[in-house]
Amino acid sequence: MDIDKLKTSRKREQQLEQLSPFELKDNLIALAKEQQQKVARSMLNAGRGNPNWTATVPREAFFALGQFGVDECRLAIDQPSGISGIPQKKGIAKRFVEYLDKNAKKPGVELLRGLYEYGIQKHDFDPDSWVFELAEGIVGDQYPFPVRMLKHTEIIVHDYLIQEMCGNNPIKKTKYDLFAVEGGTAAMCYVFDSLVQNCLLKKGDRIALGVPIFTPYLEIPELARYQFKVTYVYGSAKDSNGISNFQYPDEELDKLGDKTIKAFFVVNPSNPTSVEIADDSRKYLVKVVKNLNPNLMILTDDVYGTFVHGFNSLMNELPQNTICVYSFSKYFGATGWRLGVIALSENNIYDDMLTAIPEKEKMRLAKLYESLSLYPEKLKFIDRLVADSRQVALNHTAGLSTPQQMQMLLFSAYALLDTKNIYKEDCIKLLHNRYHMLWNCMDFPVYPDKERAAYYCTIDIHEWAMNNYGKDFVDFLEKNFEPVDIVFRLAELSSIVLLNGGGFAGPKWSVRVSLANLEDEDYCLIGKKLHDTMMDYVEAWKSNSNK
């Protein structure tokens, strides 16, 4: 075969293929850096989905609010040593309006004014109570209270979730309880632990995963504390051109009708394939659950929903069944902030099912939560989540830090007050432009797909090989190369880091490209190198065939 030999042997590729893509990435980065040093080439790491943009206006508002909070503290005590007091509630709304007027032209102040007026006009907030929460929240001088989420902040973030997760058109006028948490990762951990702690899931129970999926959802069920039996619901559908669109066929969704499956975990829009569940598939899923498995617990991770026009979450159509996890990290360029929220309908199957667990377990749980309530058996699941997040005994110091909640509030307000969707349209345009650059430079046709979020892109080498060169070429690839060969080849020879799709329970011969974290023109280079590498395989096959 006339194809470049790699430093990484096939045997070594086979070993490393067993790792999570995010662990494998470290090996690829090391190879890419080595090549980078040899040829003075910049390394392009499209492996991790950290966005390379930030939402500046809500951050400007955060710092402007911070100055107001500090000024309020100085009104009570102002010593030369730097010791100040804490915000005082009486008359604080009047002082806030005066601060906004005085600093009207400063960055972020317009958003603060809009937020203040939104709360009063839309929700009839008491002005002093509203601004007092803002001032105390930004200063962070008190423990979070209520521990689940600050009162006014929860209401505004609730509006944001209705707008973004329910297409601003809730099917039912559902009220959700929110729990502010340290990002989507923390939300996942808390939900898994509380489901088990409260006997809603037991060790060895059967669950379903919508795949491909973010790798922790594949790995967590295998942990010794859970050992869940997993049924995979494959996003294996193809479009009219024979190209994978990663939607769930009806026969895959039918699996959820099996009542032995207690829970379904899904990322929507998906990671690594970055498409939302299509309307027809979502409606079919709803029908399966309502008719065949009405107590199916659903955890939907909807962090990428904001990148699809009119996104409609399962929390909207199956509110009683669904726990929604949402993170602010991707849309607002805020992965370092660790901002997330868990949303659960006030009326839900989780609270209902708690009444049906064995009496022995009810007594155990009553003992566990007795310090929180005189009637611990009536404690709602969302409040158990909060308590479990702090081992129950530390429930009084639970809750996301108040400055973090203020930034979450300001991100939400920025989206709510952007009635022309300027920020959303720019975010979507940015990602879709990168998607087109990548595919055009791969010399692949771009097919329209209204479900495409385009935060990531999954490229199936096996599918490309079969569609363009047939089974003989596919057999050649499978005989001579590992499915992860292409990610090693790109790292070693081109200093490009991508993740292997097989590690997400996606097509084994696929790669995931993050479209969020590099400059626009970098995606054209990645596309060209992907194309060149795939053509190297073709030339090697042709050479082998001639021999």
- Taking a cut-off of 15 Å between Cα atoms, list the aspartates and glutamates near LYS380, but don't count ones fewer than 8 places away on the same chain. ASP177, GLU346, ASP351, ASP352, GLU370, ASP388
- Lys/Arg +1, Asp/Glu -1 at C-beta; the chain dipole; positive extreme among PRO21, GLY140, ALA505: GLY140
- Task: Report relative contact order for the chain in percent, whole number only (criteria: Cα-Cα under 8 Å, sequence separation at least 6).
- Result: 24
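Indicate, rounded to the nearest 5 percent, the antiparallel portion of the DSSP beta bridges found entirely in the chain.
Taking every DSSP beta bridge within the chain, about 50 percent pair in antiparallel fashion.
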- Potential lengthening between GLU361 and VAL446 on full extension [0.36 nm per residue; Cα-Cα distance subtracted]: 25.1 nm
- Item | Rounded Å value of the spacing that divides the Cα centres of the range 271-299 and the range 441-490 | 28
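I need to check one value: relative contact order of the range 151-393, counting alpha carbon pairs closer than 8 Å and at least 6 residues apart, in percent.
The value is 24 percent.
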- Task: Step through the table entries LYS262/LYS290; LYS122/LYS175; LYS255/LYS290; LYS172/LYS262; LYS429/LYS529; LYS229/LYS262, compare each Cα-Cα distance with 18 Å, and write down the pairs that go over it.
- Result: LYS172/LYS262; LYS429/LYS529
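As a check on your grasp of the helix formula, calculate [θ] at 222 nm for the chain: sum -39500 (n - 2.57) over DSSP H runs of n ≥ 4, divide by the residue count, round to the nearest 500. Mind dumping the intermediate values first?
Values: 21 runs with 260 residues, N = 547.
Rounded to the nearest 500, it is -15000 deg cm²/dmol.
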- Taking only the alpha-carbon atoms of the range 161-270, what semi-axes of the equivalent ellipsoid follow from 5 times the gyration tensor eigenvalues under a square root, in whole Å, largest first? 24, 22, 14
- Filter the trypsin sites (Lys or Arg not before Pro) in the range 426-470 to those in DSSP coil with at most 11 other Cβ atoms within 10 Å of their Cβ, and list the result. LYS450
- Item | C-alpha center-to-center spacing [the range 47-86, the range 367-410] in angstrom | 26
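Among all stretches of the chain without exposed GluC sites (Glu not before Pro) (DSSP loop, at most 13 other Cβ atoms within 10 Å), which one is longest?
1-345
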- Note on the structure: Amide H contacts under 5 Å for TYR456, restricted to residues at least 5 apart in sequence or on another chain and with H modeled in the peptide plane, are LEU515
- Local electrostatic count at GLU13 - Lys and Arg +1, Asp and Glu -1, tallied over other residues with Cβ under 13 Å: +3
- Run through all the Cα pairs of the range 151-393 and give the fraction in each 5 Å bin from 0, expressed as whole percent. 1, 6, 14, 19, 20, 18, 12, 6, 3, 1, 0, 0, 0
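No lab work stands behind these numbers, since they all come straight from the coordinates. Computed from a prediction, not measured in an experiment: that's the story for all the values here. So basically every Cβ, Gly included, is an ideal-geometry build from the backbone, and we count neighbours across all protein chains shown.
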